[in-house]
1. Which of the residues that make up region 62-76 are among the acidic types (Asp, Glu) and within 12 Å of MET37 (Cβ to Cβ)?
2. For region 32-66, what are the residues that are acidic (Asp, Glu) and more than 20 Å from the chain's Cα centre (by Cα)?
3. Output the qualifying pairs, or none if there are none: Cβ atoms under 9 angstrom, residues six or more apart or on different chains, first residue in region 38-62 and at positive phi, second residue open to solvent by 30 Å² or more (accessible area, probe 1.4 Å) and at pLDDT 95 or above.
4. When you check ARG38 against the structure, is it more than 24 Å from ALA6 (Cα to Cα) and of a type in the set (Lys, Arg), yes or no?
Amino acid sequence: MAQNRAAPAYQEYAAAMMTRFEYRTLTLAQRGLLYSMRLECWVNQFLPESPEILARILGFDPAEVAAELPYVMSFFEVENGRITSPELESYRAHLDGIRERQSDGGKATAAKKKAAKTR
């Protein structure tokens, strides 16, 4: 059932990111780290707060991750040792809401059809 799968992608408008001062002031390495972390957060919902473990997961040099991490953290939140992306989690909830409303609508339509057949 396709409805029981996680959304495979998130929609992002380039202008929404490109107009943010926080993004525009990042270096090339920082932008790469930011997007690597966003993609990982989309797939796994969170990342570990530890720069060493984060670097291992992302496949980057630990010293470079530790040096660049403070510059990208304005895009994330940290709670209980986990880095999350509030923006992506909000979008995930939005997609889940759409999927739930579609499911409810389909069930209601099926119930109406079944009731009409039994009359």
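1. GLU68 - this is the single residue of region 62-76 that is among the acidic types (Asp, Glu) and within 12 Å of MET37 (Cβ to Cβ).
2. Residues of region 32-66 acidic (Asp, Glu): 40, 49, 52, 61, 64.
The answer is GLU52, ASP61, GLU64.
3. Pairs found: GLN45/ARG82; GLN45/THR84; GLY59/SER36.
4. no
The values are calculated or read from the model by the stated rules, or taken from the named source; none is laboratory data. As the structure is a prediction and not an experimental result, all values here were calculated from the model. Virtual Cβ from ideal backbone geometry, glycine too; neighbours counted across all protein chains shown. The accessibility values were calculated without ligands, DNA or RNA, using every heavy atom of the protein model including side chains. Shrake-Rupley method; radii C 1.70, N 1.55, O 1.52, S 1.80 Å.
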